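Every number here is computed from the coordinates shown, using simple stated rules; none is lab data. Remember, predicted model here, so these are calculated numbers, not experimental data. Note that we place each Cβ from the backbone using ideal geometry, even for glycine, and neighbour counts take in every protein chain shown.
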C-alpha cells in the first residue's frame with residue numbers, strides 16, 4: 001500500500017510538472033507580437049519596472065496635468081510585480097518581454113502546485129481534470145494574455161496553499177507567501193488573513209496557536225506597513241487608497257453576477273438563457289461539492305489517509321476563498337468604489353473553486369460506483385463537463401485568435417497604427433503633451449504624457465489654461481472615451497484652443513494667442529459640455 005502511494009505521488013508530480021511546462025509554453029505562445037496586451041495598468045507596471053532597474057525608484061510614466069514632473073511615484077499598485085519584471089529587464093530583456101517571462105513562470109508554478117495539491121488529495125485523474133479546467137477557464141486566458149499582475153498573484157496564492165497544507169506547523173512559510181501576494185496586489189491582504197487564521201485553527205495550546213498566528217500574519221503587516229511608510233516619506237501625491245464609506249453596491253453586484261454567468265455558461269456571442277444555464281451549473285457544482293465534502297469528512301474521521309489530506313486541502317482552499325471574498329467586499333465598501341467584480345478580480349476565486357470542486361467531486365464520483373443511479377449521475381456530470389469544456393474552449397480560442405490578429409487594449413491596431421500618435425512623434429517632439437489617454441505616451445510616443453483635468457470647475461480650467469500656455473503644451477484628444485477626465489473637445493471649446501491637426505482617431509489642440517480664460521466665464525460649466 002505504501003509503495004502504491006509513493007508511485008501515485010510520483011506520477012502526480014510528474015504529470016503536474018509536464019502540464020505546468022505546457023502552461024509556460026502556452027503563455028509564451030499566446031503573447032507573441034502583437035502581444036502581450038497592454039492594459040492601462042501595464043504602463044504603471046512596465047514603467048515602474050524600467051525606472052527601478054535604472055535606479056530611479058518606482059516611477060509611473062504619467063502624471064497629473066499640474067505636476068512639475070511628467071512621472072509620479074508608484075502608489076496605486078504595490079511594487080511586487082514591477083520588481084519581478086525589473087529582474088529579467090535588468091538582464092537585457094525589453095520590459096514587455098520580461099513581463100511575458102514572469103507571467104509564463106507564474107503560470108508554471110500555479111499549475112504545478114495546484115495540480116500537485118489536487119493529485120495528492122484525490123489522485124492522478126482528478127489532477128489532470130483540474131489542470132484542464134484551469135486551462136479552459138476564460139478568465140485564466142484573459143489575465144495571461146496581457147501585462148497584468150494576476151498571474152503572479154495566483155502563483156503566490158498557490159505557494160500559500162502549499163505552505164498551509166504541507167506545513168501547518170511552520171507558519172513562517174505561509175506568512176512569507178502571503179507577504180509576497182500582498183506586494184503583488186493589495187487584495188493579497190486576504191492571503192495574510194488566511195495564513196493567520198489557518199495557524200490559529202491548528203491543534204495545540206491557545207498560546208501556541210496565537211503565537212503561530214502572529215508569526216503567519218506578521219510578514220503581511222510588515223510588508224504593507226513598510227510600503228505605506230515609504231510612500232508617506234516620499235510624500236507622493238497619490239495615496240494607496242482613500243478610505244470612506246462607499247455605498248451603491250447594485251452595479252458592482254450586477255457585474256459580479258454577469259462575470260459568474262460568463263464563467264459557468266461561456267460563449268463568445270450572447271447565449272440564450274445564459275442566466276438559467278449558469279444557475280443550473282451552479283446548483284450542480286454546489287451539490288457535488290457538498291456531497292463530496294461530507295463523504296471526505298466521514299472518511300477522514302475514520303482515519304482514511306487520503307481523505308485526511310483532501311479535507312485539509314479543502315479547508316485551506318475554503319479559508320483563502322472566504323478571506324478573499326471578505327477583502328473584496330470590504331475594499332469595495334471602504335476603499336475604492338470603482339472596484340469591479342470582473343474576470344480579473346474573480347479569477348483567483350474561480351481557481352480556488354475549481355480545485356475544491358474537483359477534490360470533492362472525485363470523492364463523490366467514487367461513491368457512485370456499483371449502482372445504476374450512480375451510473376446515471378456520472379453520465380450526467382460527464383455530459384455537463386464536456387458541454388462546458390467545448391463552450392469554454394471555443395471562447396478561449398476566439399480570444400486568443402482575436403488577440404493574435406489584432407492585438408489587445410493598447411497593443412491593438414487602433415493604437416499601434418494611430419495617425420494622431422504618428423503626428424505626435426514627428427510634429428510635437430518639443431511640446432509638453434497632455435491627453436485623455438496619457439498611457440499612449442509611454443506605449444507609443446516614447447515619452448510620458450500628463451493627464452487632462454478631472455473636472456470642469458472654472459478655477460481648475462483657468463489654471464490648466466495657464467499651464468498649457470506656459471509649457472507650450474499640446475493636447476492629444478483621442479476619440480475613444482476615457483473615464484475620469486474631461487472631454488478633450490469640450491475642453492478645447494471652453495478654452496478657445498486652436499486645432500492643430502485632425503485625424504480619423506482624434507485631434508490635436510494647442511493654446512490660442514490669449515492664454516487665459518475670459519473673465520466672464522461662468523463658475524459652473526453648462527451640462528452640455530460635460531461627459
Simple spin-label estimate for residue 273 and residue 463 in nanometres, 7 Å along Cα-Cβ: 5.8 nm
Degrees, to the nearest 10: 2-30 long Cα axis against longest axis of the chain: 20 degrees
Centroid-to-centroid separation of the stretch 426-464 and the stretch 469-500 [C-alpha atoms, Å]: 8 Å
Kirkwood hydrodynamic radius of the stretch 73-142, Cα pairs, Å: 14.0 Å
Crossing angle, helix 250-264 versus the chain [Cα axis fit, 0-90 degrees, rounded to tens]: 50 degrees
Calculated on alpha-carbon atoms, Rg and Dmax of the stretch 366-422 in Å: 22.0, 70
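Which translational diffusion coefficient, to the nearest whole µm²/s, is obtained for the stretch 398-441 from the Stokes-Einstein equation, given a Kirkwood hydrodynamic radius over C-alpha pairs, 20 °C and 1.002 mPa s? It would help to have the intermediate numbers written out before the result.
Values: Rh = 11.8 Å.
Roughly 182 µm²/s, to the nearest whole number.
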Principal axis dimensions, largest first and in whole angstrom, of the stretch 412-499 by Cα: 37, 27, 20
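Of all the C-alpha pairs in the stretch 319-473, what % are more than 21 Å from each other?
On the way: 8498 of 11935 pairs.
The answer is 71 percent, as a whole percent.
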log₁₀ of I(q)/I(0) at q = 0.12, 0.22 Å⁻¹ - the stretch 5-81, Debye sum with one point per alpha carbon: -0.56, -0.98
Centre separation in Å (Cα based) which lies between the stretch 150-210 and the stretch 257-286: 32 Å
Estimated translational D of the stretch 298-398 in µm²/s (Stokes, Kirkwood radius over Cα pairs; 10 °C; 1.306 mPa s): 97 µm²/s
Dimensionless Rg ratio for the stretch 107-170, taking C-alpha atoms and the 2.2 N^0.38 Å reference: 1.16
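Please state, to two decimals, what the Cα-based radius of gyration of the chain comes to when divided by 2.2 N^0.38 Å (N = residues). Each step should come with its number before you reach the end.
Numbers: Rg = 25.9 Å, N = 531, 2.2 N^0.38 = 23.9 Å.
This ratio for the chain stands at 1.08.
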Full-stretch length increase - residue 228, residue 14 - with 0.36 nm per residue and alpha-carbon distance subtracted: 72.9 nm
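Expressed in nm², what is the orientationally averaged projection area of the convex hull enclosing the Cα positions of the stretch 1-130?
Numbers: hull surface 41.2 nm².
Average of the hull's projected areas for the stretch 1-130 equals 10.3 nm².
Under the definition of Cα pairs under 8 Å and six or more residues apart, what whole-number percent is the relative contact order of the chain?
Details: 848 pairs, mean separation 90.8, N = 531.
About 17 percent, as a whole number.
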Within the chain, helix-based [θ] at 222 nm, where runs of 4 or more DSSP H residues each add -39,500 (n - 2.57), nearest 500: -22000 deg cm²/dmol
Cα-based helix-to-principal-axis angle, 274-301 vs the chain, degrees rounded to 10: 40 degrees
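Relative to the compact-globule scaling 2.2 N^0.38 Å, provide the ratio for the alpha-carbon radius of gyration of the stretch 355-394. Could the numbers behind the result be given before it?
Working: Rg = 11.5 Å, N = 40, 2.2 N^0.38 = 8.9 Å.
Output field value: 1.29.
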Pairs of Cα atoms farther than 11 Å apart, the stretch 430-470, %: 65 percent
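Provide the percentage of antiparallel DSSP beta bridges, counting only those with both residues in the chain; round to the nearest 5. Walk me through the intermediate numbers first.
Working: 11 of 20 bridges.
If we restrict to bridges inside the chain, about 55 percent are antiparallel.
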Extension gain, residue 211 back to residue 402 (0.36 nm per residue minus Cα-Cα distance, nm): 63.6 nm
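Starting from the Kirkwood Rh over alpha-carbon pairs, what translational D in µm² s⁻¹ does the stretch 243-334 have by Stokes-Einstein at 10 °C and 1.306 mPa s?
Rounded, D is 99 µm²/s.
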Debye-sum result for the stretch 197-302 in log10 I(q)/I(0), which assumes one identical scatterer on each alpha carbon, at q = 0.12, 0.14, 0.20 Å⁻¹: -0.93, -1.01, -0.99
Net length gained if the chain between residue 386 and residue 56 were fully extended (0.36 nm per residue, minus Cα distance): 113.6 nm
